[in-house]
1. Within segment 7-18, identify whether any single residue is outside the structural domain of LEU122 (by TED's automatic domain parsing), part of a helix (DSSP H, G or I) and surrounded by fewer than 16 Cβ atoms within 10 Å (Cβ to Cβ), and answer yes or no.
2. In this structure, is VAL139 part of a strand (DSSP E or B), in contact (Cβ under 8 Å) with a residue 12 or more places away in the chain, closer than 30 Å to GLY11 by Cα and among the hydrophobic types (A, V, I, L, M, F, W, C)?
3. How many residues, within segment 118-144, are over 12 Å from the mean Cα position of the chain (by Cα) and either among the hydrophobic types (A, V, I, L, M, F, W, C) or not assigned by TED's automatic domain parsing to the domain that holds LYS244 (or both)?
4. State all residues of segment 246-257 that are out of contact with any Asp or Glu (no Cβ under 7 Å at 6 or more places or on another chain) and either among the basic types (Lys, Arg) or surrounded by 21 or more Cβ atoms within 10 Å (Cβ to Cβ) (or both); if no residue qualifies, say none.
5. Sort through GLU145, GLU135, GLU110 and tell me the only one that's closer than 12 Å to TYR242 by Cα and of a type in the set (Asp, Glu).
6. Name every residue in segment 118-136 that is polar (S, T, N, Q), buried (at least 20 other Cβ atoms within 10 Å of the Cβ) and not in a strand (DSSP E or B), in order of residue number.
7. Go through the residues of segment 91-105 one by one and say whether even a single one is under 10 Å from the mean Cα position of the chain (by Cα) and either at pLDDT below 75 or of a type in the set (A, V, I, L, M) (or both).
8. Could you list, in sequence order, the residues of segment 216-235 that are over 16 Å from LEU181 (Cβ atoms) and surrounded by fewer than 20 Cβ atoms within 10 Å (Cβ to Cβ)?
Amino acid sequence: MQLATFQAVIGTGSFEAAARQLHVTPSAVSQRIKALESSVGQVLVRRAKPCVATPAGAALVRFAGQVELLEREALAQARDGARVSIVVNADSLDTWFLPALAAVPGPSYELHTDDQDYTADLLRSGTAMAAVTAEHVAVQGCRLEPLGAMRYLPVGSGDPGQPMIVYNRKDRLQHRFLESLGREADVPIHYVPATAAFVEAIRLGLGWGMVPEQRALPDIAAGRYRQLISGKYLDVPLYWQYWKIESAVLKDLTAAVRTAAAGVLRRN
């Protein structure tokens, strides 16, 4: 009961919202959280707007989510399946990841997107139970498997001296490519935070950017833009991280992710 209450507070962001979700009074929620904090000897909830887990509480969020997943899997044998929360970078979602989900149709999925350099943060917070990430060190309580590397090609209608198309302020692919050439990113930047629009901006000549080769090669062949520097590219190693629990759903999903990635990503 205390663990479920703690999870509700973090999930809803307030004691009052958690009380409504659990159909109890805010006072009862407060008492349960205080009892839980007393039993572990640490503050678990930072009382703010919204309420967030402290570093000690973050580990408990993951544990609560793991317990919930196992409970749902047990109930799924008699009902309609478990829900799996996954964070994946936008380019993987756009190119190779969805077939992995289609290969494991039983659960319902909740997908989150973030830059590949940041997706592991949602594992740490307990928001996601699995992630496609560029982080090569396993998050505490998680297993890690290398998937291969996503190759990005520098494409556009001009040269790297024209404006850059950047996905968002977390996206450093274009900067990293210029650094690999010994150049600085001293050109105007257009931020286009949608995968299809990002590629369309390059097609329309707004600037250049790094595009996964699976998306870039057909456009290059069709003459919509060109590879700016022949033979130059950027490989980004990707990893699959997932909770270290004996979950049938995560086991099946991991196998499907491994197969889907092998058909698209470069060997590390």
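1. yes
2. no
3. Going through segment 118-144 one residue at a time, the tally reaches 5.
4. LEU250, LYS251, LEU253, VAL257
5. Unique residue meeting the criteria: GLU145.
6. Correct list: THR119 only.
7. yes
8. Selection gives LEU217, PRO218, ASP219, ILE220, ALA221, ALA222, GLY223, ARG224, ARG226.
The values are calculated or read from the model by the stated rules, or taken from the named source; none is laboratory data. Please read all numbers here as calculations on a predicted model, not as lab measurements. No Cβ is skipped: glycine too gets one built from the backbone with ideal geometry, and neighbour counts run over all protein chains shown.
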